[in-house]
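The values are calculated or read from the model by the stated rules, or taken from the named source; none is laboratory data. It should be emphasised that the depicted structure is a prediction, and the values quoted were computed from it without experimental measurement. FYI the Cβ positions are ideal-geometry reconstructions off the backbone, even for glycines, and counts take in every protein chain you see. Surface areas here come from the heavy atoms of the whole protein model, side chains and all, with no ligands, DNA or RNA. Shrake-Rupley method; radii C 1.70, N 1.55, O 1.52, S 1.80 Å.
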Amino acid sequence: MLLCRAEPLAVRPPAHLLRVRLLLAPAGDWSVLVPEDKPWRDGPESVAEVLSRWGSAIALGTTWPVLSLWWEAGRAGFALAGGFRRTAAYAWDPAGRPAGEPDAVRALSARLGLDPVLDLADLERLTRTSTDPAVDGEARLLALVALLTRAGLALPPGLAPGESADRLREAARVAPGAEKLEWSGRRDAVRAGLDAVEQGPLGPWVRGPRARLVGAAQVAAAAPLLAWAAHRRSPGWAAAGAVLLAQGAASLAYDRARTAVSGPWGAAPSSGRRPSGSPRRS
């Protein structure tokens, strides 16, 4: 599952551009995304790699973080993505032994604004080896989710680490406020891109010189990212490049369309005529 620290209205546009079927539901101050399919079974990437790439793609161009939680064959872990910042990832083997850098949990605490003393101390306990056989990888992930309730996370009933993909899907479908996200072609891409521009972090930057500057920068950054993804044959980074390209192109198109309709300063275009009775200036 993917946990986004934003409301569903803000999560919908970037998640929609992944071109995969997802279930989106509110989760307290967060939103949760559950895939309807199982792409990690058909491709070369593991579930950890697939969800990490999706999280990175969604987080590009946003101001809120995306936390990917995964579990497979007793192993479990997380990956925290946020904009262009380095992804912080950590994992545990089936026996609950940690496999990762302790800096990852410190980055998690700092980026989510957790208590730097009490919450960080609880997170660091998850990085220590335990002799208790009940403390396996999934138990560590459950402890992490319980800790995130202090940051406003409230998962719907039935959505919890350790459940099978089928059970997660059924629980997400009946969650209050749940909705389906499906890709329906190029028209949806344009609509989602415009929604991302208006509802996303750009805010007042959707028109004028700043909007054109941001849009051009996104398009310029997307080109090498897509080329690198094609060279590495990475579907996840290709999706990230597509999201960036769509947002940049939508920003430029939106600014141009709005300017054509309402004029460069937000007013209707002038017809060039002087109002009746207005004095002529020399």
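Overview of values
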item	result
Test result for R85, touching a helix residue (DSSP H, G or I) at 6+ places or on another chain (Cβ under 8 Å) and surrounded by fewer than 16 Cβ atoms within 10 Å (Cβ to Cβ)	yes
Among the residues listed as A99, A107, the single one being at pLDDT 90 or above and farther than 16 Å from G162 by Cα	A107
Odd one out for V145, checked against (1) touching a helix residue (DSSP H, G or I) at 6+ places or on another chain (Cβ under 7 Å); (2) aliphatic (A, V, I, L, M); (3) closer than 19 Å to G162 by Cβ	(1)
Options T87, T149, T129; residue that is over 21 Å from L33 (Cα atoms) and out of contact with any Cys (no Cβ under 8 Å at 6 or more places or on another chain)	T129
Given (1) part of a helix (DSSP H, G or I); (2) more than 20 Å from the chain's Cα centre (by Cα); (3) under 17 Å from P94 (Cα atoms), index of the condition T127 fails	(1)
Test: residue in the stretch 30-45 that is crowded, with 22+ Cβ neighbours inside 10 Å, assigned to a helix (DSSP H, G or I) and of a type in the set (A, V, I, L, M)	no
Test: residue in the stretch 55-69 that is more than 12 Å from the chain's Cα centre (by Cα) and open to solvent by 10 Å² or more (accessible area, probe 1.4 Å)	no
Set A25, A6, A79, A48: member being among the hydrophobic types (A, V, I, L, M, F, W, C) and either in contact with a Leu (Cβ under 6 Å, 6 or more places away or on another chain) or farther than 23 Å from V105 by Cβ (or both)	A25
Residue that is nearest to P65 (Cα to Cα), among those in the stretch 90-118 that are part of a helix (DSSP H, G or I) and open to solvent by less than 20 Å² (accessible area, probe 1.4 Å)	L108
Selection from the stretch 17-62 of residues that are among the acidic types (D, E), under 24 Å from P156 (Cα atoms) and free of Cβ contacts under 8 Å to residues at least 40 places away in the same chain	D37
Residues satisfying the stated conditions in the stretch 114-141, i.e. among the small types (G, A, S) and within 21 Å of E72 (Cβ to Cβ)	S130, A134, G137, A139
Any chance R85 is of a type in the set (K, R) and under 27 Å from L18 (Cα atoms)	yes
Test set (1) in contact with a strand residue (DSSP E or B) (Cβ under 7 Å, 6 or more places away or on another chain); (2) closer than 25 Å to A59 by Cβ; (3) not small (G, A, S) - P94 fails condition number	(2)
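Here's the yes/no breakdown for (1) in contact with a Ser or Thr (Cβ under 6 Å, 6 or more places away or on another chain); (2) modelled with pLDDT of 90 or more; (3) in a loop (DSSP other than H, G, I, E, B); (4) closer than 20 Å to S56 by Cβ:
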| position | (1), (2), (3), (4) |
| --- | --- |
| R86 | no, no, yes, yes |
| L120 | yes, yes, no, no |
| R140 | no, yes, no, no |
| A146 | no, yes, no, no |
